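The values are calculated or read from the model by the stated rules, or taken from the named source; none is laboratory data. Just so it is clear, the model here is predicted, and its values are computed rather than measured. All Cβ positions, glycine included, derive from the backbone under ideal geometry; neighbour counts span all protein chains shown. Accessible surface areas use protein heavy atoms only, side chains included; no ligands, DNA or RNA. Shrake-Rupley method; radii C 1.70, N 1.55, O 1.52, S 1.80 Å.
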Amino acid sequence: MKKIKYLLLLLPLLSGCYNYRELDEIGITTAISIDYDEEFKITAQVINPIKQQDASTSGEPSFVNFSSEGNSLQEAFRSVILESPRQLYGAHLQIIILSEEVVNNHLFEVLDFFTRDPEIRSEVKVIVAQNNESLKSITIQTLLNDLSSSTILDALEAQSKKEGITLEVTINDLTNMYLNPYLEIILPSMIVEGNPIQGEKEENVTETVASASTKIGTTAIFKEGKLLDFLTTEESKMLNLIKGNFVDSILNFNYQEGYITFEPNRVKSKMEAKVKNNKVKIQIEGYAKINEVGTIINLEKIEEIEKIEKFLNEEIEKSVKSTFNSIREKYNTDIFGFQDLYYKTDPHYFKQNCQNWYEEIFPYLEIEVKADLKLYEKGKTLGGIEYERKNK
């Protein structure tokens, strides 16, 4: 009798996974673009079920795109089954690309759908398309990766970590920005260069010059949930520097009658709010090396190195202040996160005195910037090339 009881207890463990599905029943989806024009319009990139090596030798594409429409996102995704024999499976989703119409007027529906779906990973990256052509980026055949979604993801990661022009935003990050009343949304953007229709063809990866290619744009900025504009390259860099998202990049400054190119790294930014004085102190620390010298200087002298280091920090301080003032004057949007900083620093004072943020506080906010980057490498040429030539 005891053995029978034990067997009965084990029976639920033998029932298998409740949501188990065969591989030949699902379409593994790696990228999705979403637009809205009276109803949701989606395009999904689905991996070709044929093995990648077989697909390449048989002339078949590595991925297939399916498009559908619906009054809701759930309806649009389910309608894909009318074109595809397989139901979309989002556990391997890498990229979500949204149109301007969607981010302006239907973002809450997108966030609700993807955060509610247990299959979707929270680290899926979100990008806003700079125009309707950019929505077609996931349909373009790319050379270095079989999947255009992987190409976009690699480009986004490289630009974020090596250029410092934009930042990676996950669906979880975007949800947090959307739900926080004291944060404005910022997103990376996407551009398609060339002819996207030609880019869908296999010839796009067999020609020496591609008919179309995808490119990560600069940072898209918002105010109160509405897309305002896209920053310039330098504005994007300085924004990331202020917010502490500056990993590795290049800074080029005019010096004497030429220029010097620096490569900052291991940069950390710290912000401190003096709420009652309406002031934010920004401390920027890290290291930098000299990558290129386009003027006549002698890098053998310690005095010259110290002079250049001081110059670099002063230029960073001026650039950060200039970028802040320019963005505030043009857009009057707090994409820097100062309102959230004020709230976290002194919630009681904030609620009593800072409710009219864009009318009474932000226009008069003062920033104090202190940069302290240490030069640690100047290259193997002792002086600049031009200096060495003139002093032989």
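Among the listed pairs Lys162/Lys321; Lys307/Lys370; Lys161/Lys307; Lys161/Lys344, a Cα-Cα separation exceeding 25 Å is found for Lys161/Lys307; Lys161/Lys344. Within the shell of other residues whose beta carbon sits under 13 angstrom from the beta carbon of Asn240, the net charge comes to 0, with Lys and Arg scored +1 and Asp and Glu -1.
Give, as a single signed number, the net charge of other residues whose beta carbon lies under 11 Å from the beta carbon of Gly337, with Lys and Arg counted +1 and Asp and Glu -1.
Details: positive: Lys243, Lys344; negative: Glu184, Asp334, Asp340.
Net of charged neighbours comes to -1.
Per-residue Karplus couplings for the stretch 223-229, computed as 6.51 cos²θ - 1.76 cosθ + 1.60 with θ equal to phi - 60°, are listed in order as 9, 6, x, 10, 5, 9, 5 Hz, Gly and Pro entered as x. Per residue, the accessible area of the stretch 268-308 comes to 58 Å², computed with a 1.4 Å probe over protein heavy atoms only. Whenever you get a sec, compute what percent of the accessible area on the stretch 292-337 sits on carbon and sulfur atoms (1.4 Å probe). Ligands and nucleic acids excluded, carbon and sulfur give 44 percent.
Compute the signed sum of charges (Lys and Arg +1, Asp and Glu -1) over the other residues within less than 13 Å, Cβ to Cβ, of Val169.
Net local charge, Val169 excluded: -3.
Which entries of Lys237/Lys310; Lys276/Lys330; Lys243/Lys279 have Cα-Cα distances beyond 23 Å here?
Numbers: Lys237/Lys310 20 Å; Lys276/Lys330 26 Å; Lys243/Lys279 16 Å.
From the list (Lys237/Lys310; Lys276/Lys330; Lys243/Lys279), the Cα-Cα distance tops 23 Å for Lys276/Lys330.
Extending 7 Å from the Cα toward the beta-carbon at both Lys307 and Lys276 defines two label points whose distance is 4.5 nm. Put the Cα centre of the stretch 148-167 next to the Cα centre of the stretch 111-134 and the gap is 16 Å.
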